[in-house]
Amino acid sequence: VLSGNRNVAFGRPVRASGMHNSPPTWSLENVVDGQSGLGLPVSSEGSPTNGYSSEFSPKQDTTKWVQIDLGQVLPIDEIRLIPGQPVDWADRQGFGFPIRFKLELSLEPRFQDGWVAADRTIEDYPNPGDNAVIVPTHGRAARYVRATATRLFARKTPGTRGACVLALAELQ
């Protein structure tokens, strides 16, 4: 359900006449989770870059963050995290997407007045595959947006050099 270019059904309550409940593959909540087998819309022109990648870590439970300065205070409707799809690495859905993360908005760069838009640091977040993860922020005013990973994606066996990373194709 779209209003403008926003999915207004995302995360909303759902009811059905009946269902086959077999989480995580089949569940009622999956119909409004912002994910589909279709993945992200893709342009006919490939991206010239892979996006953003943090420094590598041998440990998954490492904190890494990326922050955007919007240049001025603006009302923010939502934050979108787009998983990486690097062309120079084996194809893995949801590449680099954090296992645990937090999204914050702030008026100043050190986030002393930060507002938490999403806190997914208590339990593992399901890998979104090739879908955007969209977090509504309801028009909250901010100049800075920060995504903080507290458990990283394992691109190799944890404990080995360069094993774990935070990588995103886009932070929108």
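The values are calculated or read from the model by the stated rules, or taken from the named source; none is laboratory data. On a predicted model such as this, the values are computed, not experimentally measured, just so you know. We place every Cβ from the backbone using ideal geometry, glycine too, and count neighbours over all the protein chains shown. We work out accessible area using only protein heavy atoms, side chains counted, and drop any ligands, DNA or RNA first. Shrake-Rupley method; radii C 1.70, N 1.55, O 1.52, S 1.80 Å.
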Test: A142 is more than 13 Å from the chain's Cα centre (by Cα) and open to solvent by less than 10 Å² (accessible area, probe 1.4 Å): yes
When E55 is run through (1) crowded, with 20+ Cβ neighbours inside 10 Å; (2) over 13 Å from the mean Cα position of the chain (by Cα), the failure sits at (1)
Residues being of a type in the set (V, I, T) and assigned to a strand (DSSP E or B): count how many of those fall in the range 60-73. 3
Considering each of P109, P98, P158 in turn, give the residue that is open to solvent by less than 40 Å² (accessible area, probe 1.4 Å) and not in a strand (DSSP E or B). P98
The one condition in (1) under 18 Å from K64 (Cα atoms); (2) open to solvent by 60 Å² or more (accessible area, probe 1.4 Å) that P126 fails to fulfil: (1)
Kindly provide the set of residues from the range 53-94 that are under 15 Å from E170 (Cβ atoms) and of a type in the set (K, R), ordered by number. R80
Filter the range 117-128 down to the residues that are more than 16 Å from L171 (Cα to Cα) and part of a strand (DSSP E or B) and list them by number. D119, R120
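Okay, residues lined up against (1) of a type in the set (D, E, K, R); (2) within 13 Å of I76 (Cα to Cα); (3) not in a loop (DSSP other than H, G, I, E, B):
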| site | (1), (2), (3) |
| --- | --- |
| D130 | yes, no, no |
| H138 | no, yes, yes |
| V145 | no, yes, yes |
| T150 | no, no, yes |
A132 being closer than 18 Å to D33 by Cα, small (G, A, S) and touching a residue at least 40 places away in the same chain (Cβ under 8 Å): yes
Hey, P86 hits all of (1) in contact (Cβ under 8 Å) with a residue 40 or more places away in the chain; (2) surrounded by fewer than 17 Cβ atoms within 10 Å (Cβ to Cβ) but one; which does it fall short on? (2)
Within the range 74-81, can one find any residue that is open to solvent by less than 20 Å² (accessible area, probe 1.4 Å), in a strand (DSSP E or B) and within 18 Å of G51 (Cβ to Cβ)? yes
